[in-house]
1. List the pairs whose first member sits in the stretch B:193-205 and is more than 12 Å from every other protein chain (Cβ to nearest Cβ) and at negative phi, whose second member is of a type in the set (Ser, Thr, Tyr) and outside any loop (DSSP other than H, G, I, E, B), and whose Cβ atoms are under 8 Å apart, counting only residues at least 6 apart or on separate chains?
2. Every residue in the stretch B:360-375 that is in a helix (DSSP H, G or I), within 7 Å of chain A (Cβ to nearest Cβ) and free of Cβ contacts under 8 Å to residues at least 40 places away in the same chain, please.
3. Of the residues B:Val540, B:Val567, only one is buried (at least 20 other Cβ atoms within 10 Å of the Cβ) and under 29 Å from the mean Cα position of the chain (by Cα); which?
4. If only one of A:Ala90, A:Ala47, A:Ala42 is assigned to a strand (DSSP E or B), within 30 Å of A:Ala153 (Cβ to Cβ) and not β-branched (Val, Ile, Thr), which one is it?
5. Of everything in the stretch A:293-340, what is modelled with pLDDT of 90 or more, charged (D, E, K, R) and surrounded by fewer than 19 Cβ atoms within 10 Å (Cβ to Cβ)? Give them in sequence order.
6. Taking the stretch B:313-350 as the region of interest, how many residues are touching a residue at least 24 places away in the same chain (Cβ under 8 Å), within 12 Å of chain A (Cβ to nearest Cβ) and either closer than 24 Å to A:Ala370 by Cβ or touching a His at 6+ places or on another chain (Cβ under 7 Å) (or both)?
Amino acid sequence: MTTTAAAYAPGLKVVAAMRYTARRLLPISGNVLVKPGDLVDAKQVVAETFMPGDIMPLNLAKLLSMPPGDVPECMLKKEGDRIEAGEPLARTKGIFGKFRTEYKSDVAGTIESISAVTGQVIVRGAPLPVQVKAYLTGRVVEVMPNEGCAIEADVTFVQGIFGIGGETFGPIRMVCKRHEQELTEDLITPDLKGCVAVGGARVTAHAIERARTAGVSAIISGGIDDADLEAVLGYNLGVAITGSERIGLTIVITEGFGEIAMARRTFDLLASREGDAAAVNGATQIRAGVMRPEIVIPLGTGGRIHQPSSEAAGRLAIGASVRAIRDPYFGLIGRVTALPPEPQTLQSGSKARVLEVTFESGEGVIIPRANVELIEGTGGQES
Amino acid sequence: MTPVDPKNARVILATDCGSTTTKAILIQQVDGIYRQTHRGEAPTTVEAPFADVTIGVVNAVTEVQELAGRRLIGDDGRIIQPATDREGCDIYISTSSAGGGLQMMVAGVVREMTGESAKRAALGAGAIVMDVIAANDKRKPHEQIQRIRELRPDIMLISGGVDGGTTTHVVQIAELIAPAKPRPRFGGEYKLPIIYAGNKNAAPLVRKVLEGADGFALTVVDNLRPVLERENLGPARDAIHDLFLEHVMAHAPGYDKLMQWTDAPIMPTPGAVGNILRTIAERQRINVVGVDIGGATTDVFSVFGGVFNRTVSANLGMSYSISNVCAEAGMPNILRWVPFDMDVRELSNRVKNKMIRPTTIPQTIDALVFEQAVAREALRLAYIQHKEFATTLKGVQQQRTVGDTFSQESAGQTIVDNMKLDLLVASGGVLSHAPRMHQTAMMLVDAFEPEGFTTLAKDSIFMMPHLGVLAQVNPRASLEVFERDCLIYLGTCVAAKGTGKSGRPCFRYAIRSATLNESGQMMTGDIRLFPLDEGEKASVTIEPERGFDCGAGPGKAIEREVRGGTVGLILDARGRPLSLPVEREAGRALIEKWVTALQLYPQLERQRLRA
């Protein structure tokens, strides 16, 4: 009988200690402010640049009621000149030099182009600054000139299944006492301001609202109800491409939608790092090049790392710990007891490769391999 | 080594490099006829850590090699060519949609005219159209610029103006694009390819504007709308294919190698599917609709009266986009296809869980029924979008005579006519992998609502992309395999157009075949299935009641020969347009009746009997 097989869902990383590298890149080329070997703080700016400013097209032919071909000679400024808001930009020739009409620019910027074909003048606004923060408190290990840098640190790393909101920072605070405890609004207190608040099971929309008002940086919890997510976002999320939401805080869900408890291992791991500074990113992209939300907690100077053996990662084997990720067993955790090689017919009538699993309750069931994920993270911190 | 003339090829190897899976098929001559003999697949390897598409190709071909007992990969890791009796192939061809396919942005002067023609050209070439910028798209110029800056297209297509017409507007569009400097998806060094296919008199002006700004690679082709009355999409479409290879593919990991291996240019996957459907429609002189429903998007292709159209409904799909389907269709519209009660809150959470874990499959019958209900709505919405897009040309001046006084036909009418539809082809996971083909057939009938006589088929193993490229080098092989191995015929649907009171007569029927001799009456609201095996044909006579039409006109009798299939012959008297009672109880009872009549879910039947 086959004892190992390629897993369909590699599962999420929940690792007490691992080496993590953050690549911090500018969207366009610019200045990198650090050098290899530098120790950087998560909130420190490591690279910056200026994006070309916003563009404002002005159709002077239309605005001054003249043929487009006349626009260049009526211009009071030439390409490359600076113009301030309220400053005259063009003046018509008028009749015998009289009755001249003037157009005063309502935007400030630099004249980028003047078209005699369309009569359009393009004014470009001031450059927009773009800054990239370190995100990870650690050491710069590589600098890509004009592009950015790579920062490395030994961290506790927890991947969520879904998140909203971008990068944020704060110390870990355990708000729920148990991994199956719901995160309700009464648990959100003013002293959580600036913290990464960790719940247990489902987080409610009311709790999120109170956390937002209290200035909580991020909420980590096991589950969220679809209706609550809609209430928080103000719309029904159609595709899981997130990270750019501006809702006042970042949310990371570790298990999925519904009333589902955070995996005990994840909860215990986060609890073991209570008080330590974390970086959180809710950005999720479930498409080719999948991206999951994450919680990164640098270890600081203590602790050494076991690198997980590559063989253990991404393989389903008898005895492996798995989580069911679809109904009717959604969220249940168990151990693989058999991996029959031949496809079997499911109740739905579909034929699929399956595995046999015994849940923590002792119940043994058959599940399609596509409907489980490995609980990964064999690395551990040495004492 | 003398290359084999593609027309004389005996062994053909084809791959399709999808976003997640690379599929390989082997086509060989068996008794003088081309047949698809073996297939293999392997994960696509475009992304890290492999970052070389040819690794996935070699893996998929290796699987074919093992199954076929024919050595296809040489010691140098390349495909062996030409074929001998025991190894190699004569032709190797490939399609690709890896890395999200070809993403384009198009621009035109008037959205409904040149904007739409440009979109048609891009879609027809197999692209996903990210946005259409037009002078009249109701956005302010700075908003358009902002949008151009945000998107990262692979190629841009600019059109606008008829030849000899005004040049101002199209130059104005170019003036917006030039400073916006859209950033391509691949790397900073890469120059964004722009195709200009507008008013030929404006070409030098557009060239001046775009070449003045750095970072563009401009190609000028013939105007895609030289006069308002005619589209000329060929040159723009060819340019898109060329640029896809030269710029986009050349920058994708491993494609430089793959391009050297293939004996015909690599095509975008949907472009190849369109190609084969167009070929079939042309050769058999039929009207065809094809659909490919994926995890993220649904592609609909149609050929009516020789005119080809393709639409991509972004965000109508069965995994990544399943939540969007539910949001767009609304949960009540989905649940109307479900013959039992479900908890809406729990369902909403299930839908989201499928969205975030897209590779899971339905284990229970309830989950399957729900997923197929979602598929019906995704297909229905995608087909509505397709019908709105596949129209006669807008903006054409029409001469009207007194005779036209009562005719309300105007430009911009859809050319999709379900009564004239001859063949409906399904592909994509939820349709191809349904446990019972009856389910596939009914998802098609419920979503597309074919009228009159329509043959239903499915693409057995999603082979259409391979055959689309093959059609370019060896049309005979392509057609032979399409007819014998690609399509699995499900049967024929005969449906009456019109509405009536439930339970009242709709049409009389008489069916004669070697195995069937049936006649009777269908009541409005009924649907029936008659066994008619694959390869069998039957003569069907329909006499519709007044107000119902099966192809000969309202109330007029019609006789046609129909094709059998794995499902059989479906007589559908539910009326068109199909309408279900709003009241849940009545709707559920009706669906239950239809489910039983079509033997869709025998498990449900057994459960009910046990209860």
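The values are calculated or read from the model by the stated rules, or taken from the named source; none is laboratory data. A quick note: this is a predicted structure, and the numbers were derived from the prediction, not measured. Heads up, the Cβs are rebuilt from the backbone with ideal geometry, glycines too, and the neighbour counts pull from every protein chain shown. Each accessible area value is taken on the protein alone, full model and side chains, heavy atoms only, with ligands, DNA and RNA left out. Shrake-Rupley method; radii C 1.70, N 1.55, O 1.52, S 1.80 Å.
1. Going by the 8 Å Cβ cut-off, the qualifying pairs are B:Pro193/B:Thr219; B:Ile194/B:Thr219; B:Ile195/B:Thr219; B:Tyr196/B:Thr219; B:Gly198/B:Thr114; B:Ala203/B:Tyr196.
2. Hit for the stretch B:360-375 is B:Ala367, nothing else.
3. B:Val567
4. So the residue among A:Ala90, A:Ala47, A:Ala42 that is assigned to a strand (DSSP E or B), within 30 Å of A:Ala153 (Cβ to Cβ) and not β-branched (Val, Ile, Thr) is A:Ala47.
5. Selection gives A:Arg335 alone.
6. So the answer is 10.
Here is a yes/no grid of residues against (1) of a type in the set (D, E, K, R); (2) part of a loop (DSSP other than H, G, I, E, B); (3) within 27 Å of A:Met56 (Cβ to Cβ); (4) over 29 Å from the mean Cα position of the chain (by Cα):
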| site | (1), (2), (3), (4) |
| --- | --- |
| B:Gln146 | no, no, yes, yes |
| B:Arg152 | yes, yes, yes, no |
| B:Asp163 | yes, yes, no, yes |
| B:Val170 | no, no, yes, yes |
| B:Ile177 | no, no, yes, yes |
| B:Pro182 | no, yes, yes, no |
| B:Tyr190 | no, yes, no, yes |
| B:Arg207 | yes, no, yes, yes |
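One line per residue, one yes/no per condition, for (1) polar (S, T, N, Q); (2) within 18 Å of B:Val209 (Cβ to Cβ); (3) within 14 Å of another protein chain (Cβ to nearest Cβ):
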residue: B:Val110; (1), (2), (3): no, no, no
residue: B:Ile128; (1), (2), (3): no, no, yes
residue: B:Ile148; (1), (2), (3): no, yes, yes
residue: B:Leu157; (1), (2), (3): no, yes, no
residue: B:Ala180; (1), (2), (3): no, yes, yes
